[in-house]
1. For Glu159, state whether it is under 29 Å from Asp116 (Cα atoms) and surrounded by 19 or more Cβ atoms within 10 Å (Cβ to Cβ).
2. Among (1) within 16 Å of ligand 1 (Cβ to nearest atom); (2) under 30 Å from Thr199 (Cβ atoms), where does Thr56 come up short?
3. For the range 163-186, does any single residue satisfy the condition of being touching a strand residue (DSSP E or B) at 6+ places or on another chain (Cβ under 6 Å), more than 16 Å from ligand 2 (Cβ to nearest atom) and either of a type in the set (Ser, Thr, Tyr) or within 17 Å of Asn95 (Cβ to Cβ) (or both)?
4. Which of (1) at pLDDT below 95; (2) within 14 Å of ligand 1 (Cβ to nearest atom) does Val19 not meet, given it meets every other one?
5. Since Leu35 meets every condition but one in (1) within 16 Å of His192 (Cβ to Cβ); (2) out of contact with any strand residue (DSSP E or B) (no Cβ under 9 Å at 6 or more places or on another chain), which condition does it not meet?
6. Can you spot a residue in the range 314-324 that is surrounded by fewer than 16 Cβ atoms within 10 Å (Cβ to Cβ), of a type in the set (S, T, N, Q) and assigned to a loop (DSSP other than H, G, I, E, B)?
7. Are there any pairs, at least 6 apart or on different chains, whose C-beta atoms fall under 6 Å, with the first in the range 99-117 and at positive phi and not assigned by TED's automatic domain parsing to the domain that holds Leu86 and the second of a type outside the set (Val, Ile, Thr) and surrounded by 10 or more Cβ atoms within 10 Å (Cβ to Cβ), and if so, which?
8. Can you pull out every residue in the range 13-38 that is exposed (fewer than 14 other Cβ atoms within 10 Å of the Cβ) and within 16 Å of ligand 2 (Cβ to nearest atom)?
Amino acid sequence: MADVTFSNVQKHFGAFRAVQDLNLDIREGEFVSLLGPSGCGKTTTLRMLAGLEFPTSGEIRIGDRVVNDVAPGKRDIAMVFQSYALYPHMTVGENIAYPLKKRGVEKAERARMLKDTADMLQLTPLLRRKPRELSGGQQQRVALGRALVRDPKVFLLDEPLSNLDAKLRGHMRAELIELHRRLGRTMVYVTHDQLEAMTMSDRIAVMEGGKLQQFAPPQEVYREPSNRFVAGFIGTPGMTIIDGALSGSPGAWRFDAPGISVEARHLGPDAAEGAASMGVRPEALTIGTGDTPATLRLVEQTGHENIVVVSIGDIRMTGRTTPDKVWSPGEEVMISIDPDMPHFFADGPNGKRLNAKPSPRGNEPSHSLSNLSEVSP
Ligand SMILES: Nc1ncnc2c1ncn2[C@@H]1O[C@H](COP(=O)(O)OP(=O)(O)OP(=O)(O)O)[C@@H](O)[C@H]1O
Ligand SMILES: [Mg+2]
């Protein structure tokens, strides 16, 4: 059974449509990320689920209960806000235990629950401090602790790691994954950081312009982005998306752009002649060998690999090489694009995916019967 359901939910602020036609089924115990650029409606969606914002229309359920008219305090949820508001006059311990005190949990039990939560978040040495005596990352952990101690049915987390430095962020990411596994609670996690969403989630809801673009497990979002927006948003370094045109017919498509002409394999029934775009992930690009001349523009050495940008006319493409490859900007290189790897999209910024669905047995392109007949007996 779905634990959290949005059915045709709209949220308008005056004439502005912050969330449009949202349908989302989140399973019990699932870790779901709402991912998208700033202003796409993530926080608004979470606030509606928390009861801090009312949908203009549509229905929100938690479990089998419609919660549209249920007060925030009666929804059995805990939310960690983007700007974690701690009570400045209370100590860390009092801040964390506050929800328990409010609920009337008796003192000994409160102390036990506080200890468990503080141990888990490594806050035990800080329990007597005031929030102003903590770093941003420590404050963020206190805010998390205050939500955890309530042990709600559903956790709502709005960019809870945004104020942490890179190292602590990585650490907290691992902690949250572990915590989710241990508690088995439904978690809805808002982020604009695709690495967080990719590493932590069971499924990712990618949003843009108030609309859900795709809702799928991380690997599926990466391998089969439903449209051009998702394709460009997911992946670091990003996918190169090239505007061009498809020509040919089913089974014999080509994609052409100035300086690039490739066989377009694995297209589905929606492919048609005319304007389209091709997406090439860095791993689909081979630099140094191939049949297409390009100019080397930039080499970024990250240590374990090089990120290399090449250009063909006005088209810039990003690839990766091993760190031992030595090139200098301006050098001419040959490149090739793995014909089994590109993604194709219909015309337009949200043009939908044109690739065929992969065969259910795996991600390998299925071999046609004509190929099989070539195998000698
Ligand atoms: N109370 C409000 N009144 C008017 N417009 C609002 C209100 N709250 C949010 N919006 C608008 O709705 C859109 C979505 O806002 P929201 O806070 O949900 O974005 P977000 O995806 O969480 O972005 P961010 O990553 O920057 O936090 C924005 O354009 C925002 O300006
Ligand atoms: Mg937000």
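The values are calculated or read from the model by the stated rules, or taken from the named source; none is laboratory data. Since this is a predicted model, take the numbers as computed values, not measurements. FYI the Cβ positions are ideal-geometry reconstructions off the backbone, even for glycines, and counts take in every protein chain you see.
1. On the way: under 29 Å from Asp116 (Cα atoms): yes; surrounded by 19 or more Cβ atoms within 10 Å (Cβ to Cβ): yes.
Considered against the rule, which asks whether it is under 29 Å from Asp116 (Cα atoms) and surrounded by 19 or more Cβ atoms within 10 Å (Cβ to Cβ), Glu159 comes out as yes.
2. (2)
3. yes
4. (1)
5. With (1) within 16 Å of His192 (Cβ to Cβ); (2) out of contact with any strand residue (DSSP E or B) (no Cβ under 9 Å at 6 or more places or on another chain) applied to Leu35, the lone miss is (2).
6. Just the residues of the range 314-324 that are surrounded by fewer than 16 Cβ atoms within 10 Å (Cβ to Cβ), to begin with: 314, 316, 322-324.
Okay, now just the ones that are also of a type in the set (S, T, N, Q), so 322.
Narrowing the set further to residues that are assigned to a loop (DSSP other than H, G, I, E, B) leaves 322.
Checking the range 314-324: at least one residue is surrounded by fewer than 16 Cβ atoms within 10 Å (Cβ to Cβ), of a type in the set (S, T, N, Q) and assigned to a loop (DSSP other than H, G, I, E, B).
7. Once the first residue is at positive phi and not assigned by TED's automatic domain parsing to the domain that holds Leu86 and sits in the range 99-117, no partner that is of a type outside the set (Val, Ile, Thr) and surrounded by 10 or more Cβ atoms within 10 Å (Cβ to Cβ) comes close enough.
8. Once the filter is applied, which keeps residues that are exposed (fewer than 14 other Cβ atoms within 10 Å of the Cβ) and within 16 Å of ligand 2 (Cβ to nearest atom), the range 13-38 yields Phe13, Phe16, Pro37, Ser38.
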